[in-house]
Amino acid sequence: MDHTQNAHTGTKQGNSTQAVVVTALALFSMFFGAGNLIFPPTLAVQAGDNFWPAILGFLSTGALLPVLAVIAIALSGANVRDLAQRAGSIFGVAFPVLAYLSIGAFYALPRTGAVSMETAITPLFGVSSLFASGVCNVIFFGIALALSWNPNTIMEKLGKFLTPALVILLVVMIAVSLSRWSAEPSTPSEQYQSGPYPTGLLEGYLTMDSIAALAFSIVVISTLRSKGFPEGKKLVNGTIAAGVGAGALLAVIYVGLGMIGRIMPDATRFDNGAGLLAEAAHLTMGQAGQVIFSLIVLLACLTTAVGLITATAEYFSTEFGGAYRTWAVIFTITSMVIATQGLDFVMTIAAPVIGFLYPPAIALIFVTLVEPAFKRRMAFRWAFFLPIWVAVVWSAIETFISLGWGADALRPLVTWAPLDAVGLGWVLPVVVAFVIGLVVDLARPKKHAEAISA
């Protein structure tokens, strides 16, 4: 009897571990798109001798922050809409919609198709016309939609099949490159000379993974729940473990890709990381290297596209009604049309939205992470509301300035802040707002706080 029970318990633990590992690999592949592939080597070339502080800054927002977002969702037990509602009904509706659209049809999703065309198909087959782009994007998004058709099997498809293939190809390219070349000292570009860490940190924003993590976390939780993880501590721990595993793998791959840019001969002649990595693959492995690089790009883009279609379609179906597959088709077709116009067109649409969303997203993540430490003494109300709205207002002003809308009148409102020169002027005002909100919440009568938390 004991042997049978022990075997049964061991099997359940083994299945749970396997489910977490597969989910972590799937989550990694959902995070790791083409942008993640090309940013680290570009950073390495520009950072030169300041590579390590720069890559640590990149890892802070490109790997650590997405993990913290997953942990925040897991600990709160709420989805991004429920969290956002705590900052008021306007933020509760606007932020999730903008976040899902930015990681969906307005930016990250069409970017997967545009990058696949420009960095995988064009170099391999020499085609670059608008017609060729249209054909390639129809095929690419058709495959992504087919893989997304049943959301309950997404993690298994990604974690068991596509992600291992992607990771193996990445490891081969990184290992061969590191074995062929050695680092040569180089002078950092101007932006990486005085502040390599904050500059790298801002580069990590561009991956969009911190915002995507707020959306993907719900997919992770529902997947583990379907695998038999019970509500409560086990589900929370499983979600956190999957997030940490995905983040750790992201960090290792980022450093490896960065090292290619750091050690590749004459790397400064490339305008972007895509061309650099394509040439690195060709120099180290010949024509086979170009094929491998194209497969890496296609797999990275495809796995991310599947995750984005699934997450956005599920959210809009839940919040606004309509069938999941209807929303999946709408977002896929929209993204396909935008992607056909090319990568520059995609970036033009998205840049202001990305810059606006990140400060309130980071504020939301960190306030959610800090709250459990105060749970027994108080419930966050103003400590939640104030920092998020300060981040929203500050970010809106910065966005207007970047677009040239009333820049002369608005600039004095934000340039006084420490770290403004490196794009992080919002940090101190948000921290001060959080402290003020915390003091107000602590001063509230305990019964009132308990009523709100209930």
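The values are calculated or read from the model by the stated rules, or taken from the named source; none is laboratory data. These numbers were taken from a predicted model, which means no experiment stands behind them. Cβ sites come from the backbone with ideal geometry, for glycine too, and all protein chains shown count toward neighbours. Just the protein is used for accessible areas: all its heavy atoms, side chains included, with ligands, DNA and RNA removed. Shrake-Rupley method; radii C 1.70, N 1.55, O 1.52, S 1.80 Å.
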So VAL167, is it under 17 Å from LEU37 (Cβ atoms) and surrounded by 14 or more Cβ atoms within 10 Å (Cβ to Cβ): yes
Matching entry among ALA311, ALA274 (being modelled with pLDDT of 85 or more, in a helix (DSSP H, G or I) and aliphatic (A, V, I, L, M)): ALA311
Single match in PHE293, PHE316, PHE331 (criterion: aromatic (Phe, Trp, Tyr) and under 30 Å from GLY256 (Cα atoms)): PHE293
Selected residue [among the acidic types (Asp, Glu) and closer than 18 Å to LEU298 by Cα] from GLU156, GLU118: GLU118
Tally of residues being without any contact (Cβ under 8 Å) to a residue 24 or more places away in the chain and open to solvent by less than 40 Å² (accessible area, probe 1.4 Å) across the stretch 411-437: 3
Hits in the stretch 111-134 - residues which are out of contact with any helix residue (DSSP H, G or I) (no Cβ under 7 Å at 6 or more places or on another chain) and surrounded by 15 or more Cβ atoms within 10 Å (Cβ to Cβ): THR122, ALA132
Lone unmet requirement of (1) open to solvent by less than 10 Å² (accessible area, probe 1.4 Å); (2) outside any helix (DSSP H, G or I) for LEU224: (2)
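Residues are listed down the side, and each one gets a yes or a no for (1) open to solvent by 50 Å² or more (accessible area, probe 1.4 Å); (2) assigned to a helix (DSSP H, G or I); (3) among the hydrophobic types (A, V, I, L, M, F, W, C); (4) at pLDDT 90 or above:
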| position | (1), (2), (3), (4) |
| --- | --- |
| GLY243 | no, yes, no, yes |
| ALA248 | yes, yes, yes, yes |
| GLY256 | no, yes, no, yes |
| PRO265 | yes, no, no, no |
| ALA281 | no, yes, yes, no |
| ILE296 | no, yes, yes, no |
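For (1) among the hydrophobic types (A, V, I, L, M, F, W, C); (2) under 19 Å from GLY342 (Cβ atoms), each residue gets a yes or a no:
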residue	(1), (2)
THR112	no, yes
PRO123	no, yes
ALA144	yes, yes
LEU147	yes, no
ASN150	no, no
Options THR187, THR207, THR239, THR223: the member that is β-branched (Val, Ile, Thr) and in contact with a Phe, Trp or Tyr (Cβ under 8 Å, 6 or more places away or on another chain): THR207
Helices (runs of 4 or more DSSP H) (entirely within the stretch 118-215) containing at least 2 residues that are modelled with pLDDT of 80 or more: 122-125, 130-148, 163-180, 190-194, 196-205
